[in-house]
Amino acid sequence: MKTSILAGLILTAVAALAAAPAPASAAPLQGAARTEALAQANAALNELRQVKGRFVQVAPDGGVSEGQFYLQRPGRVRFAFEGAAPLTIVADGATVAVADARLKTVDRTPLRATPLFFVLKSDINLERDARIAGVDRDGEALTVTLRDRKGEADGALSLLFVGGAEPELRGWRVTDATGQVTQVSLKDLAATAKLDPGLFVLEDPNDSAGRRRGR
């Protein structure tokens, strides 16, 4: 369960992925159509400056969980799981932290080593920042599959957009190195004028006393 949500974009903040196949009915785009689709995807991602909403995650074992989603570019995002899921995942601009309330642990990974890096940059250009493994369209749905050029994050991330000429990000799909797929869907996204800076701070509960002492 710990390697959960960002499993899609975060895959537990580490992202070990492998290209997830596009739907059978999707048509690969080439030439000018591909260039236009990538420009639309870049515009959709760059539009997401400060938003909040909800997410639904389907894990490789079929388990479904959901929660609150907050994003503030550049560099910051929070996934707060609800219900039985004990996870909170926070990117603070430099690292991605995964907190497990049940185990009372916080694991951290450099942001650059996770898929979040590609969607939290100040200026997003997918073709410049990543290796494009596929651009596919199925009606109003657009899927852009990425690989890390530098090899710092293994595998591939598929971003899912809906909306014709002005698509919106609706989620992502990740397949780990063993072939397991995690799907994350976003809903009720809304721009917001202000987010609490504390949303993007996640301290290790086992180190809080030491920090108060100024260690």
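Bear in mind that the values in this text are calculations on the coordinates, not laboratory data. In this text, all values refer to a predicted model and were calculated from it rather than measured experimentally. As a convention, Cβ positions derive from the backbone with ideal geometry for all residues, glycine included, and neighbour counts pool all protein chains shown.
Pairs from the table (52/104; 104/194; 52/187) lying more than 18 angstrom apart at Cα are 52/104; 104/194. Here 64, 90, 56, 144 are placed in order of increasing Cβ neighbour count within 10 Å, fewest first, which gives 64, 56, 90, 144.
Any idea what diffusion coefficient region 11-188 gets from Stokes-Einstein, in µm²/s, Kirkwood Rh on alpha carbon pairs, 10 °C, 1.306 mPa s? Translational diffusion coefficient: 97 µm²/s. Fully extending the segment from residue 100 to residue 166 would add 20.0 nm, taking 0.36 nm per residue of separation and subtracting the current Cα-Cα distance.
Among 185, 158, what is the fewest-to-most ranking by other Cβ atoms within 10 Å?
So the ranking, lowest neighbour count to highest, is 185, 158.
Residue order for 102, 108, fewest other beta carbons within 10 angstrom first, comes to 102, 108.
Given R0 = 25 Å, the distance between the Cβ atoms of residue 108 and residue 149 translates into a calculated FRET efficiency of 0.60.
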